[in-house]
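Here is the structure we will look at, set down as structure tokens.
The values are calculated or read from the model by the stated rules, or taken from the named source; none is laboratory data. Remember, predicted model here, so these are calculated numbers, not experimental data. Cβ placement follows ideal geometry from the backbone for every residue including glycine, while neighbour counts extend to all protein chains displayed.
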Amino acid sequence: MKLVRALGSVGGLTLASRVLALVRDSLAARYVGAGFASDAFNGVAFRLPNMFRALFAEGAFSAAFVPMFNRKAAGGEGLPAAYDFAERALAVLLPVLILFTLALIAAAWPVTWALSGGFARQNPTPEQFAFAVTLSRITIPYLALISLASLLGGILNSLDRFWVNAAAPILLNVAMIAGLWLFHGPDEYATARVQAISVTVGGALQLLWLVWACRRAGVSMRLKRPRFDADVRELLRLIVPAAAGAGAAQINLLISTALSGWLLASGSITYIYYADRLNQLPLGLIGIGLGTILLPTISRMLSRGEEQAAMETQNRGIELALFLTLPATVAFITVAEPIVRGLFQYGRFTADDAMRCGWALSAFSIGLPSYVLVKVLTPGYYARGDTKTPVRYAMLSILINIAGNVALIPAVGHVGPPLATALSSTVNVAMLYATLVRRSHFAADAQLRRRLPRLALAAVLMGGALWAGEDVLEPWLGGTMVQRYGALAALVGAGVALYGLACFVTGAYRLSDLRALMHRRGATAT
């Protein structure tokens, strides 16, 4: 129950952030459309900050820092020793980030070329490519801001203040929505520049929010002279492989984007970007939330020698992840185009754009369960101090992704990169799961084995009903914003109700489970 309550807090805030991100992307589709300006922003200028957020704020830094912080806190000196370790980590991290940011700004031209494949198929003018480089330079400072925020967020997560860190991305989306709504320019290029500026402004707001939250929690970080002592060296040793392991999906997307810019026509990067943003909604709500909670929870259990409790927690994490992910997967496969039409088909984003984006979304969603399960399974390694095994599997999945892109893009165009990403993530999660089982660090219990096939069947039944009834909403999906969002709300509501009913019909959950849940809540309340 503690896991569910914590996920409800983190997941609710993450859901609010992702809903705001959909509003942001809807405005971007309206004012920028799908062309070179949107490809330059989505494929490079915004892709780089997103990748670093995933690698550090949601991945590598947390994976390395949180277990070490918890071990320090559990030692004889308690929290003061943990805070001292955090200050020493900050002393090294800050100058490294400043130098790294300056180097990236100076090297923005080759970085932009590498991330976009030079937009070779689009054959941009020198002025257009210079515009893409300018957007990159504007957003690069976000990398340092979000990395510093990840340090403070890791401390707050270790203190079980999960909601504070989960609320931070809301500020980024608010800044970007305000920029698009209030300051959009006369054409797509001017508006894309506003988008880039609002990214860095949003990063500054996130960092200030976490600084304030840390002070409210009694955590005051002092700047010290950098020293590469044993603890800092251990932290750095763990971060590097964890970055590749936790960020395999982001690295795969980065490679897919570069190959798309090199091999595909104008607008393709934008189709893939918007499809990925929709695919990220359940990933952010479920996978990142569970990963954030499971890592400190399991690491504390293992530090106390509670191996069985850690395994039980991970069983319930997998069950909860798939309970929430499977219906989203089936919905994105069966009614992808209506969802895209309702959200993005407006202004500069045409019906043809919506159709092509829907194809990409269906392809991405095939791998949605594996994207989420990677977040649930990797804490089983990181909590035990093993960051090398996930990185080996991540590297293999990246090679599979590259091969899949090269093979699939000539055959199915812009649908190839999402398919390749889904395939590589599925292979990655299969290897992570098999290794945990082989090491006796995980075993699926009877409850998990009973429920999973029934949950899958319930999701399929829901998907079939949505597909059969999508024509009912068709007239509303091309109407006003209120009509379109109302139709999407009805679609989501119907899906939730159908899935809940199907879970009881298939026996995935019984009425006794619901009564037991209500009894535990009542006992907690009293």
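If I ask for residues that are at pLDDT below 90 and either touching a strand residue (DSSP E or B) at 6+ places or on another chain (Cβ under 9 Å) or surrounded by fewer than 18 Cβ atoms within 10 Å (Cβ to Cβ) (or both), which ones from the range 397-406 would you list?
Leu399, Ile402, Val406
Search the range 165-196 for residues being closer than 30 Å to Val66 by Cα and in contact with a Phe, Trp or Tyr (Cβ under 8 Å, 6 or more places away or on another chain), and hand back the single one that is surrounded by the most Cβ atoms within 10 Å (Cβ to Cβ).
The extreme case among them is Ala168.
Could you list, in sequence order, all residues of the range 416-455 that are at pLDDT below 90 and of a type in the set (Phe, Trp, Tyr)?
If the condition is that a residue be at pLDDT below 90 and of a type in the set (Phe, Trp, Tyr), then Phe442 is the only one that fits.
Only one of (1) among the hydrophobic types (A, V, I, L, M, F, W, C); (2) closer than 18 Å to Pro49 by Cα; (3) crowded, with 22+ Cβ neighbours inside 10 Å fails for Ile155. Which number is that?
(2)
Return yes or no: is Gly413 farther than 22 Å from Leu432 by Cα and touching a residue at least 12 places away in the same chain (Cβ under 8 Å)? I'd like the intermediate steps shown before the answer.
Details: farther than 22 Å from Leu432 by Cα: yes; touching a residue at least 12 places away in the same chain (Cβ under 8 Å): yes.
Answer is yes for this residue.
Counting residues that are surrounded by 20 or more Cβ atoms within 10 Å (Cβ to Cβ) and among the basic types (Lys, Arg), which helices (runs of 4 or more DSSP H) fully inside the range 309-396 reach at least 1?
336-344, 351-365, 368-377
Quick check: anything in the range 200-211 over 24 Å from Val92 (Cβ atoms), in contact (Cβ under 8 Å) with a residue 60 or more places away in the chain and surrounded by 20 or more Cβ atoms within 10 Å (Cβ to Cβ)?
Yes, some residue in the range 200-211 is over 24 Å from Val92 (Cβ atoms), in contact (Cβ under 8 Å) with a residue 60 or more places away in the chain and surrounded by 20 or more Cβ atoms within 10 Å (Cβ to Cβ).
Would it be correct to say that Ala108 is closer than 30 Å to Phe65 by Cα, in contact with a helix residue (DSSP H, G or I) (Cβ under 6 Å, 6 or more places away or on another chain) and surrounded by 21 or more Cβ atoms within 10 Å (Cβ to Cβ)?
Here the answer is yes, as Ala108 does meet what is asked.
Residues to consider are Arg438, Arg454; find the one that is surrounded by fewer than 13 Cβ atoms within 10 Å (Cβ to Cβ) and either touching a strand residue (DSSP E or B) at 6+ places or on another chain (Cβ under 6 Å) or more than 26 Å from Asp25 (Cα to Cα) (or both).
Arg438
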